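J.: Dropping the structure in here first, questions after.
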Amino acid sequence: MKVEVTEKTPQKILTPASGFLEGYTHSLNPYIGCAFGCSYCYVRQSPVGLFRKQEWGTWVDVKKGVKEKLEKELLLLRKKQKPITIFMSSSTDPYQPMEHNEQVTRALLEVMTKVKPDFLLVQTRSPLVVRDINLLLELKDRVMVSMTVETDLEEVRKRFSPAAPPIPARLKALKELRAFGIPVQVAIAPALPFSEKFPEALSKLVNRVCVDDFTGDGSGGKRTKRLKIGDRYEALEKENWYDGDVQKRVWERLRECFPEEQLVVSPEGFMPPKKSMDHSH
Ligand code: SF4
């Protein structure tokens, strides 16, 4: 699908966190819009997605001049001796295809290796994140990469998010991140139908899994209903995966392969660790 790209120069790059992200001090979005265009993306139903008349996934604004802004904003927060915990990203994927050339996320990470936040969560579903391993290593004790792997079935992934990276590539990226000792988690978010083999395969790769369902869309599932997600389950003849119990059932399956302390549910599973607020400055 063709993606319309526009350049934008924002006033500020850090956004004070609120709502779902209130455990963080800020969110950081290198782009506005997201070319992965997942069918279930809750941003479609948020002001960012609704304001624009174009279909979600067909447009992306690239933020310009962000490096200097981030450095300035971080230094100011440091001066005020405020804790800085950052969620990147809440309404875009920081490693969407455009990042290959634009390198906005990379530039932001470069700044953060100099003026370090107390904690940074990198939320993505793209294997491109491995390109920045050298920078993530510099933030090692203050960073976690959360990789969305909603299913292990490509057939399901293609039905719900055809433009997102294939699952095997995401799993390979996780392996690489772990080999470098970078803290990672898998976010089964939202939990889509998966095979019997999925929990065991994950247990060989990671020791932290965060589970979410469509109630994690910021509106208790209402946004997802408006997106008619149920139709896609019907097309796959997997309607039994689309009900209020799915999180519980997914949890039970994961428990067969993971000790309880390695499993977390959303929103807690996306929150910064408590100790990240205690870094001395
Ligand atoms: S990758 Fe994330 S932000 Fe992008 S469309 Fe999918 S769910 Fe939305």
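The values are calculated or read from the model by the stated rules, or taken from the named source; none is laboratory data. Owing to the predicted nature of the structure, the values given are computational and were not obtained by experimental measurement. Virtual Cβ from ideal backbone geometry, glycine too; neighbours counted across all protein chains shown.
J.: With respect to SER146, is the statement that it is within 17 Å of the chain's Cα centre (by Cα), closer than 25 Å to MET1 by Cα and buried (at least 20 other Cβ atoms within 10 Å of the Cβ) true?
T.: Answer is no for this residue.
J.: Considering every residue within segment 123-141, establish whether at least one is at pLDDT 95 or above, charged (D, E, K, R), more than 28 Å from LYS197 (Cα to Cα) and within 16 Å of the ligand (Cβ to nearest atom).
T.: No: zero hits.
J.: A further question follows. It is to be established whether one or more residues within segment 87-94 are farther than 18 Å from VAL145 by Cβ, among the hydrophobic types (A, V, I, L, M, F, W, C) and in contact (Cβ under 8 Å) with a residue 12 or more places away in the chain.
T.: Within segment 87-94, none of the residues are farther than 18 Å from VAL145 by Cβ, among the hydrophobic types (A, V, I, L, M, F, W, C) and in contact (Cβ under 8 Å) with a residue 12 or more places away in the chain.
J.: Go through (1) over 18 Å from LEU120 (Cβ atoms); (2) part of a helix (DSSP H, G or I); (3) aliphatic (A, V, I, L, M) for VAL62 and report which single condition fails.
T.: If we test VAL62 against (1) over 18 Å from LEU120 (Cβ atoms); (2) part of a helix (DSSP H, G or I); (3) aliphatic (A, V, I, L, M), just (2) comes out false.
J.: Continuing with this model, one more query. Taking the residues in segment 20-36 that are more than 8 Å from the ligand (Cβ to nearest atom), within 17 Å of LYS63 (Cβ to Cβ) and in contact (Cβ under 8 Å) with a residue 60 or more places away in the chain as candidates, determine which candidate is surrounded by the fewest Cβ atoms within 10 Å (Cβ to Cβ).
T.: Per the stated criteria, the residue is ILE32.
J.: Check ALA191, ALA163 and return the single one that is assigned to a loop (DSSP other than H, G, I, E, B) and in contact with a Gly (Cβ under 6 Å, 6 or more places away or on another chain).
T.: Matching residue, one of ALA191, ALA163: ALA163.
J.: Let me ask something additional. Taking into account only those residues within segment 81-103 that are modelled with pLDDT of 95 or more and more than 16 Å from the ligand (Cβ to nearest atom), which is surrounded by the most Cβ atoms within 10 Å (Cβ to Cβ)?
T.: Residue satisfying both the conditions and the ranking: ILE86.
J.: Could you please give the count of residues in segment 37-48 that are more than 17 Å from ASP212 (Cβ to Cβ) and surrounded by 20 or more Cβ atoms within 10 Å (Cβ to Cβ)?
T.: 1
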